[in-house]
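For reference, the structure discussed in these notes is given below.
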2 protein chains.
Amino acid sequence: MDIKGFLFSTVEAAIKKPGRKDLALIFSEVPANAVAVFTTSTVKAAPVLLSSKHIASGFAQALIVNSGNANACTGEPGLLAAQETTQLIARGLGIEAEAVQVCSTGVIGVPMPMDRIRSAVPALLNGLTSGTLDDIAQAIMTTDTFPKMEARSGQAGGISYTVAGIAKGAGMIMPNMATMLSFIITDAAIEPTFLQQSFRQAVDCSFNAITVDGDMSTNDTCLVMANGMSGNPTITEGSPEGNAFNTVLNEVLLSLAKQIVKDGEGATKFVEIRVSGARNNAEAKRVAMAIANSSLVKTAFFGQDANWGRIFAAVGYSGAEVDQSLLSLSFNDVCMAKNGVFAGGDAEARGTEVLKEKEFTVSVDLGIATGTAVVYTSDLTHEYISINADYRS
Amino acid sequence: MDIKGFLFSTVEAAIKKPGRKDLALIFSEVPANAVAVFTTSTVKAAPVLLSSKHIASGFAQALIVNSGNANACTGEPGLLAAQETTQLIARGLGIEAEAVQVCSTGVIGVPMPMDRIRSAVPALLNGLTSGTLDDIAQAIMTTDTFPKMEARSGQAGGISYTVAGIAKGAGMIMPNMATMLSFIITDAAIEPTFLQQSFRQAVDCSFNAITVDGDMSTNDTCLVMANGMSGNPTITEGSPEGNAFNTVLNEVLLSLAKQIVKDGEGATKFVEIRVSGARNNAEAKRVAMAIANSSLVKTAFFGQDANWGRIFAAVGYSGAEVDQSLLSLSFNDVCMAKNGVFAGGDAEARGTEVLKEKEFTVSVDLGIATGTAVVYTSDLTHEYISINADYRS
């Protein structure tokens with residue numbers, strides 16, 4: 001994979017458990033057009049508060065990210081720590097602090113060990129000559145069981161470009177306008193307003209369409225940097241190249257989002273929830289999210305129990321307009337219920353077979369209008385409890 | 001416990017597993033003033049649809065309830081089954097069908113076995129001479145591990161009356177204007193409009209202030225019947241007797257609601273969430289419910305992990321107005337965080353000690369205004385997963 005003009009570095013800064021890389025740096029040799037979406041929580045981590053200010057310029061040239069400490073609920077010292085971190089990197093790279101994005105993930109409420117960051121920064125800067133994007137994907141993992149990466153290439157004006165992305169996140173996943181950590185880099189040249197629009201749309205259909213446990217984090221950040229180093233003619237909205245870029249970006253983000261769900265804490269199932277026939281798309285998404293976040297539905301998935309009644313119950317409390325006599329539901333192509341009642345026949349046995357698969361689709365039709373939504377989720381398992389009851393110990 | 005003019009009966013109708021009572025009848029010798037609140041879900045079980053029509057009269061004289069089958073998502077046949085059930089009881093008791101309330105709880109989407117109900121009704125009617133309210137509390141259990149009952153007595157005009165209640169529910173508990181099944185009976189004479197008002201207010205502070213898993217059922221029903229057989233002068237609003245009745249009713253409902261949380265599926269902890277300093281009471285409740293329904297918070301309770309950061313994260317995504325620099329949080333009397341940051345000192349160790357208790361209080365102050373709320377919840381445990389992954393098998 002060749003992404004022109006980006007350098008990578010990771011080090012052990014002893015923020016996480018010993019023996020694991022926990023501080024990472026992405027550097028673009030030239031300023032990149034950049035867009036980011038952040039958590040909509042009112043309790044925002046210090047790096048989110050700082051990075052959202054920095055990104056207002058529309059540019060970024062470096063990103064420093066640590067795992068092991070969220071730098072959230074850390075007050076003024078937390079903000080100062082985030083600031084100092086961007087300054088250290090800016091000084092080392094000879095750029096403005098405003099061109100540096102900073103992200104953190106880990107435990108909330110513990111002061112950032114700035115002495116360790118300070119000690120680690122020189123090695124981090126030196127490492128830029130030899131690092132890879134893979135290293136970064138590894139270094140940002142917390143409860144993740146595998147690193148999450150995706151790359152696609154495109155062409156504009158006969159010149160190839162690459163869109164590559166990494167992500168972390170396994171629990172506390174219920175994004176809303178923003179999500180866990182995901183960083184997308186591309187060497188394509190893209191018109192800034194179009195980049196913003198394309199990115200936001202792609203986030204909506206990917207990171208904002210997944211849920212593991214319904215919890216949204218204080219640190220969720222999704223960032224794209226486009227440095228134009230591939231030398232392609234600038235991609236603009238509405239052009240064939242623009243449409244192709246939309247597709248490539250969508251594919252990268254959707255792949256990363258699905259990887260997060262597949263790595264959902266303790267997950268044994270990957271479930272696609274498709275809702276149709278809603279009053280509008282927003283109501284369809286509301287229904288899909290209610291299903292995807294229902295503890296009873298998720299434990300039924302884990303138990304491989306074709307309990308469609310629990311899904312109808314979630315539809316009922318979603319708040320969307322529903323006429324229960326019009327509801328229908330399928331597991332893959334097995335119709336479990338129609339006109340609000342059990343489909344009968346061998347539906348129970350066939351539906352149970354579907355739920356034994358590792359991946360399946362639940363389709364719910366509300367039968368009212370044409371609103372649709374797709375959401376991806378996992379099951380709720382013993383392992384989720386174990387991971388989260390013991391996370392800090 | 002003496003509740004004048006009420007008779008009780010239970011039988012085995014083979015709706016549930018063999019050997020368990022699953023059909024129950026409460027009968028008042030005279031028509032009783034009655035008020036009920038039902039699930040706000042748009043997917044309502046047939047008995048909810050029928051009973052909400054019947055109760056519009058303001059009167060009820062009998063209540064028939066079955067466990068083992070929810071008669072939800074059963075379409076027109078389900079409605080006919082509920083109707084026939086009330087007619088069978090009405091005929092047997094010599095009253096109007098409209099005076100009969102019908103409730104169901106159990107699996108969703110399975111047709112009601114009306115042949116078994118028909119066969120069981122004669123024995124049910126005959127049993128009225130010998131049954132007790134305890135029997136009813138037993139018969140309505142599903143995943144409950146103990147029957148839930150409470151009784152208090154009051155006085156009006158020198159005459160004693162009793163308020164007694166039973167409830168069932170352990171999972172699918174996140175009421176909203178209504179809740180699982182709970183039946184309150186009293187022999188007090190109460191002015192009907194006052195009864196309605198007193199009851200709704202008591203439901204709001206009890207059943208609408210608890211959550212186990214955030215799921216609301218298709219069948220939630222809470223009903224009060226007041227038959228006036230104690231012979232007291234009618235209790236009215238604003239009188240000392242009215243205030244005393246409010247207190248008695250509140251105590252009965254709150255006790256039942258707390259019993260439901262304590263019996264929360266797999267629960268090992270009973271947690272009181274107190275939120276203060278919110279913009280208003282509604283926002284305080286929103287915050288309390290976000291905390292109480294967070295899977296990450298609930299698993300931390302189970303893990304006895306004083307992870308106050310997860311609680312702040314839930315506060316942040318609750319949607320309520322929050323200034324994170326004003327947030328404070330305590331476990332019992334141990335201040336864990338103040339002005340949005342960790343309280344320091346030995347808070348971590350002392351907070352962990354609190355979380356080792358079976359019951360404790362989490363207090364969150366938003367520091368903005370004077371809105372308050374109290375919500376009761378349980379932890380999220382391995383046992384919850386086991387119960388719900390295997391419920392139907």
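Of all residues in the stretch A:203-245, how many are among the aliphatic types (A, V, I, L, M) and out of contact with any Asp or Glu (no Cβ under 9 Å at 6 or more places or on another chain)? Step through it out loud before you land on a result.
Here is the first cut: in the stretch A:203-245, the residues among the aliphatic types (A, V, I, L, M) are A:203, A:209-210, A:212, A:216, A:223-226, A:229, A:235, A:244.
Keeping just the survivors that are out of contact with any Asp or Glu (no Cβ under 9 Å at 6 or more places or on another chain) gives A:203, A:209-210, A:216, A:223-225, A:244.
Result for the stretch A:203-245: 8.
Only one of the numbered conditions (1) at negative phi; (2) touching a helix residue (DSSP H, G or I) at 6+ places or on another chain (Cβ under 7 Å); (3) in a loop (DSSP other than H, G, I, E, B) is not met by B:Cys73, and that is (1). Restricting the search to the stretch A:187-228, which residues are in contact with a strand residue (DSSP E or B) (Cβ under 8 Å, 6 or more places away or on another chain), farther than 29 Å from B:Ser294 by Cα and surrounded by fewer than 23 Cβ atoms within 10 Å (Cβ to Cβ)? If the condition is that a residue be in contact with a strand residue (DSSP E or B) (Cβ under 8 Å, 6 or more places away or on another chain), farther than 29 Å from B:Ser294 by Cα and surrounded by fewer than 23 Cβ atoms within 10 Å (Cβ to Cβ), then A:Ala189, A:Glu191, A:Pro192, A:Phe194, A:Gln196, A:Gly228 are the ones that fit.
For B:His382, the conditions (1) closer than 22 Å to A:Lys44 by Cα; (2) within 14 Å of another protein chain (Cβ to nearest Cβ); (3) not hydroxyl-bearing (Ser, Thr, Tyr) are fulfilled apart from (1).
On the stretch given as the stretch B:127-140, residues that are in contact with a Pro (Cβ under 8 Å, 6 or more places away or on another chain) and surrounded by fewer than 22 Cβ atoms within 10 Å (Cβ to Cβ) total 2. Just one of the listed residues (B:Thr370, B:Thr352, B:Thr381, B:Thr361) is closer than 30 Å to A:Phe301 by Cβ and either of a type outside the set (A, V, I, L, M, F, W, C) or not assigned by TED's automatic domain parsing to the domain that holds B:Thr211 (or both), and it is B:Thr381. From the list A:Glu191, A:Glu241, the lone residue that is in contact with a Pro (Cβ under 9 Å, 6 or more places away or on another chain), at negative phi and acidic (Asp, Glu) is A:Glu241. Exactly one residue out of A:Val297, A:Val275 is modelled with pLDDT of 95 or more and outside the structural domain of A:Thr211 (by TED's automatic domain parsing), and it is A:Val275. Put simply, of A:Val297, A:Val275, A:Val287 the only residue that is within 9 Å of chain B (Cβ to nearest Cβ), of a type in the set (Val, Ile, Thr) and either surrounded by 24 or more Cβ atoms within 10 Å (Cβ to Cβ) or not in a helix (DSSP H, G or I) (or both) is A:Val297.
For A:Ser255, the requirement of being assigned to a helix (DSSP H, G or I), surrounded by fewer than 21 Cβ atoms within 10 Å (Cβ to Cβ) and touching a residue at least 24 places away in the same chain (Cβ under 8 Å) is met.
Just give me the residues in the stretch A:99-139 being more than 19 Å from A:Phe8 (Cα to Cα) and not small (Gly, Ala, Ser), in sequence order.
Keep residues of the stretch A:99-139 that are more than 19 Å from A:Phe8 (Cα to Cα), which gives A:106-116.
Selection gives A:Val107, A:Ile108, A:Val110, A:Pro111, A:Met112, A:Pro113, A:Met114, A:Asp115, A:Arg116.
Step by step: first the residues of the stretch B:30-56, then only those that are out of contact with any strand residue (DSSP E or B) (no Cβ under 8 Å at 6 or more places or on another chain) and modelled with pLDDT of 95 or more, then the one that is farthest from the other protein chains (Cβ to nearest Cβ). Which residue is that?
B:Ala56
One residue stands out among those in the stretch A:307-327 that are surrounded by fewer than 24 Cβ atoms within 10 Å (Cβ to Cβ) and in contact with a Gly (Cβ under 8 Å, 6 or more places away or on another chain): the one that is farthest from the other protein chains (Cβ to nearest Cβ), which is A:Leu326. Residues that are away from chain B (no Cβ under 12 Å) and at positive phi within the stretch A:105-119 are absent altogether. Looking only at residues in the stretch A:50-66 that are within 19 Å of the chain's Cα centre (by Cα) and part of a helix (DSSP H, G or I), the one that is surrounded by the fewest Cβ atoms within 10 Å (Cβ to Cβ) is A:Ser52.
Checked across the stretch A:67-77, the condition of being out of contact with any strand residue (DSSP E or B) (no Cβ under 8 Å at 6 or more places or on another chain), away from chain B (no Cβ under 14 Å), more than 29 Å from A:Lys4 (Cβ to Cβ) and surrounded by fewer than 18 Cβ atoms within 10 Å (Cβ to Cβ) holds for no residue.
Could you tell me which numbered condition B:Leu366 fails, if it satisfies all but one of (1) in contact (Cβ under 8 Å) with a residue 12 or more places away in the chain; (2) within 30 Å of A:Thr381 (Cβ to Cβ); (3) among the hydrophobic types (A, V, I, L, M, F, W, C)? Unmet condition: (2).
Taking (1) part of a loop (DSSP other than H, G, I, E, B); (2) out of contact with any Leu (no Cβ under 7 Å at 6 or more places or on another chain); (3) surrounded by 17 or more Cβ atoms within 10 Å (Cβ to Cβ) in turn, B:Gly367 satisfies each apart from (2). Only one entry in A:Glu353, A:Glu357, A:Glu383, A:Glu321 is more than 19 Å from A:Ala290 (Cα to Cα) and touching a strand residue (DSSP E or B) at 6+ places or on another chain (Cβ under 9 Å), namely A:Glu353.
The residue that is farthest from the other protein chains (Cβ to nearest Cβ), among those in the stretch B:337-364 that are over 28 Å from B:Ala257 (Cβ atoms) and part of a strand (DSSP E or B), is B:Lys338. Every listed requirement among (1) surrounded by 18 or more Cβ atoms within 10 Å (Cβ to Cβ); (2) at the interface with another protein chain (Cβ under 10 Å from one of its Cβ atoms); (3) modelled with pLDDT of 95 or more is met by A:Val334 save one, (2). Looking at B:Thr86, B:Thr40, B:Thr10 in this structure, which one is assigned by TED's automatic domain parsing to the domain that holds B:Gln197 and touching an Asp or Glu at 6+ places or on another chain (Cβ under 7 Å)? Just one listed residue meets the conditions, B:Thr10.
On the stretch given as the stretch A:190-219, residues that are part of a helix (DSSP H, G or I) and more than 14 Å from chain B (Cβ to nearest Cβ) total 15.
Here is a yes/no grid of residues against (1) within 22 Å of B:Phe245 (Cβ to Cβ); (2) outside the structural domain of B:Ala82 (by TED's automatic domain parsing); (3) at pLDDT 90 or above; (4) within 21 Å of the chain's Cα centre (by Cα):
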| position | (1), (2), (3), (4) |
| --- | --- |
| B:Gly109 | no, no, no, no |
| B:Ala120 | no, no, yes, no |
| B:Ile136 | no, no, yes, yes |
| B:Gly171 | no, no, no, yes |
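Here A:Ser325 fits the description: part of a helix (DSSP H, G or I) and either at pLDDT below 90 or of a type outside the set (D, E, K, R) (or both).
Within the stretch B:348-362, being within 25 Å of A:Lys44 (Cα to Cα) and either at pLDDT below 95 or charged (D, E, K, R) (or both) holds for one residue alone: B:Glu348. Do we have any residue at all in the stretch B:81-99 that's surrounded by fewer than 18 Cβ atoms within 10 Å (Cβ to Cβ), within 14 Å of another protein chain (Cβ to nearest Cβ), touching a residue at least 24 places away in the same chain (Cβ under 8 Å) and under 30 Å from A:Glu348 (Cβ atoms)? Checked against the condition, which is being surrounded by fewer than 18 Cβ atoms within 10 Å (Cβ to Cβ), within 14 Å of another protein chain (Cβ to nearest Cβ), touching a residue at least 24 places away in the same chain (Cβ under 8 Å) and under 30 Å from A:Glu348 (Cβ atoms), the stretch B:81-99 yields no hits at all.
The values are calculated or read from the model by the stated rules, or taken from the named source; none is laboratory data. From a predicted model like this one, the values you see are computed outputs, not experimental measurements. Reconstructed Cβ throughout: ideal geometry from the backbone, glycine too, with neighbour counts over all protein chains shown.
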